[in-house]
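The structure appears right after this line, and notes come after that.
The values are calculated or read from the model by the stated rules, or taken from the named source; none is laboratory data. None of these values were measured; they are calculated from a predicted model. With ideal geometry, Cβ positions are generated from the backbone for all residues, glycine too; neighbour counts draw on all protein chains shown.
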């Protein structure tokens, strides 16, 4: 079924055409990724689809047309989140089900009164509607999505105004998922999500019943979810079959073909123009020259493929090779804020040439760790020892090393005053900071341009150990790939924090996972790390008693008391799994009973079933919470 169709959609901003006669049809089973460089028109297209903007008018035959299925519901995350700031988290989520909750209240009212024949039809009708729309599963749905988006039950009563910007975005996304629109439009949905939440979100979207339209720079995310890719390039929208990797292969073939056609046409143009120049004024050949000039004027010019335009050039080098054993971190504590200890004992090492990716939940201390090992934050126990001849270059996520009032040129001159203006402009040009942007204040240019400015300075620093905190944030896909190539070609060592799983998988030789008061190192890239996590979280293996191989945690020594505690914990986990299975079976059985017309017709029996259902659900939730807590402590 068609949800929406767009034809001849064009849009201008200040004389710049960002969309040129774009056409797109979205059907109810589509999984579409929308990509393109920053500023290409992706957000504009989304706003037109959702009715927040209208396309520019054009004459025949290019009149813009938008056809929408009257029954289709389009869900889009607004920039202001659309949340009621004085509401609690749980009440904001329950607002999605206001109609069903009102029906539930009315049914309760009818049950508590003498259910006379006068109200029997109302009760029967409302009950049927309530059940058909999963009214008994409202709490289950809310709990599932809130927990998945990082809001455990203890946060449900928090007032929305007290949440951080990132938390509000996650909550708004949770509300959008509960609304379950026929077309779900997501604009960079993974920006505020940590690893666990992103992976839960991916699994949820894979089973989503409606259509998806996703704008994202997260290529791993796109590869997992989408089945077709739309690219906006120079205002033109093209649709390709397959996920991002399939698109990249098809695009490379397309560009190769376009380049050949472009070069062939340029050769023909040059030949025709040469003939016109030589023969137009000669009487004997003037008519033939005019004919060729007419052909030139009527020719549809093939544009040079974008891939062959100049892109950023990033290359990291160093002057002196360090010793083989670069870094030893032994039993340090990780403390932030007002003596808040995140990890009591953390140990890991780094050898020459290794690329160590650091992963973990938001707020777990990853960025703090990078500062601690550089001496920018203190630690009270253990030791950090760098080897000889190590020289670091640091990319900080917060851009604290910049004076935001400095002009871009001055930001480089301040650090390297001996460089000439030509040398500075050449350096900035290599990372595609050109034109008037070099004279703008650092605080005015985009986050992506500030990142490229920092990469330019890092190239001058010539560190043999690169320390990077979320280096691909704010970068479009093209610049991300350029940076990846530069980091992969760098033969020094790298320590980096990232949520970019594509980068982690391509670059990492080891993964350091940080959890609450625990850390471990895993050999290999992100795929190997995820495979290990899948094995560890396979409940079926746990239930059957199969041994799951685990990498040894950092500092894995256990006392006799700790080993006894671990044994008790494993016994309790198995007990919980049996209790959870029994509770799940009972919940399923009760759900079937509540859908049975005979039971629904008997108020007394139905009431008993509902009460037992709610009680069992509550027990199941408590059991699951305890099981998850014990698993997290593994």
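What to note about this one:
- Contact map, the range 414-425: first residue touching a residue at least 24 places away in the same chain (Cβ under 8 Å), second residue surrounded by 13 or more Cβ atoms within 10 Å (Cβ to Cβ) and assigned to a loop (DSSP other than H, G, I, E, B), Cβ cut-off under 7 Å, separation 6 or more or different chains; the map is empty.
- Single residue of the range 202-217 satisfying the filter (within 15 Å of the chain's Cα centre (by Cα) and without any contact (Cβ under 8 Å) to a residue 40 or more places away in the chain) that is nearest to residue 180 (Cα to Cα): 205
- Which numbered condition residue 277 fails, given (1) over 41 Å from the mean Cα position of the chain (by Cα); (2) in a loop (DSSP other than H, G, I, E, B): (2)
Residues checked against (1) part of a loop (DSSP other than H, G, I, E, B); (2) surrounded by fewer than 22 Cβ atoms within 10 Å (Cβ to Cβ):
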position: 191; (1), (2): yes, yes
position: 197; (1), (2): no, yes
position: 200; (1), (2): no, yes
position: 203; (1), (2): no, yes
position: 208; (1), (2): yes, yes
position: 213; (1), (2): no, no
position: 229; (1), (2): no, no
position: 245; (1), (2): no, yes
position: 250; (1), (2): no, yes
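- Looking only at the range 384-403, residues that are farther than 16 Å from residue 352 by Cα and loosely packed, with under 11 Cβ neighbours inside 10 Å come to 2 in all.
- Test for residue 106: is it under 30 Å from residue 190 (Cβ atoms) and free of Cβ contacts under 8 Å to residues at least 40 places away in the same chain: no
- The listed residues are 582, 572, and the only one of them that is part of a helix (DSSP H, G or I) and modelled with pLDDT under 80 turns out to be 572.
- Any chance residue 237 is over 18 Å from residue 527 (Cα atoms) and in a strand (DSSP E or B): yes
- Test for residue 41: is it surrounded by fewer than 13 Cβ atoms within 10 Å (Cβ to Cβ), out of contact with any helix residue (DSSP H, G or I) (no Cβ under 9 Å at 6 or more places or on another chain) and closer than 30 Å to residue 446 by Cβ: no
- Which numbered condition residue 12 misses (of (1) in a strand (DSSP E or B); (2) exposed (fewer than 14 other Cβ atoms within 10 Å of the Cβ); (3) within 24 Å of the chain's Cα centre (by Cα)): (3)
- Taking the range 149-172 as the range and being within 24 Å of residue 207 (Cβ to Cβ), surrounded by fewer than 18 Cβ atoms within 10 Å (Cβ to Cβ) and within 24 Å of the chain's Cα centre (by Cα) as the test, only 152 passes.
- Residue 264 at pLDDT 90 or above, closer than 22 Å to residue 205 by Cβ and in a helix (DSSP H, G or I): no
- Residue 140, sole failed condition from (1) within 25 Å of the chain's Cα centre (by Cα); (2) surrounded by 13 or more Cβ atoms within 10 Å (Cβ to Cβ): (1)
- Note on the range 22-54: residues that are without any contact (Cβ under 8 Å) to a residue 60 or more places away in the chain and at positive phi amount to 2.
- The set of residues from the range 51-81 being within 24 Å of residue 33 (Cβ to Cβ) and either modelled with pLDDT under 90 or under 21 Å from the mean Cα position of the chain (by Cα) (or both) comprises 74, 75, 76, 77, 78, 79, 81.
- From 377, 350, residue being closer than 17 Å to residue 322 by Cα, surrounded by 15 or more Cβ atoms within 10 Å (Cβ to Cβ) and either in contact (Cβ under 8 Å) with a residue 40 or more places away in the chain or not assigned by TED's automatic domain parsing to the domain that holds residue 494 (or both): 350
- Hits in the range 314-358 (condition: over 32 Å from the mean Cα position of the chain (by Cα) and in a strand (DSSP E or B)): 325, 326, 328, 330, 331
- Only helices (runs of 4 or more DSSP H) whose full extent lies in the range 433-536 are considered here, and the ones with at least 3 residues that are under 17 Å from residue 316 (Cβ atoms) are 447-461, 477-489, 501-507.
- Count of the range 88-124 residues which are exposed (fewer than 14 other Cβ atoms within 10 Å of the Cβ) and over 30 Å from residue 176 (Cβ atoms): 12
- Breaking point among (1) in contact (Cβ under 8 Å) with a residue 12 or more places away in the chain; (2) surrounded by fewer than 14 Cβ atoms within 10 Å (Cβ to Cβ); (3) within 25 Å of the chain's Cα centre (by Cα), for residue 222: (2)
- Which listed residue is within 27 Å of residue 222 (Cβ to Cβ), out of contact with any strand residue (DSSP E or B) (no Cβ under 9 Å at 6 or more places or on another chain) and in contact (Cβ under 8 Å) with a residue 40 or more places away in the chain, from 466, 483: 483
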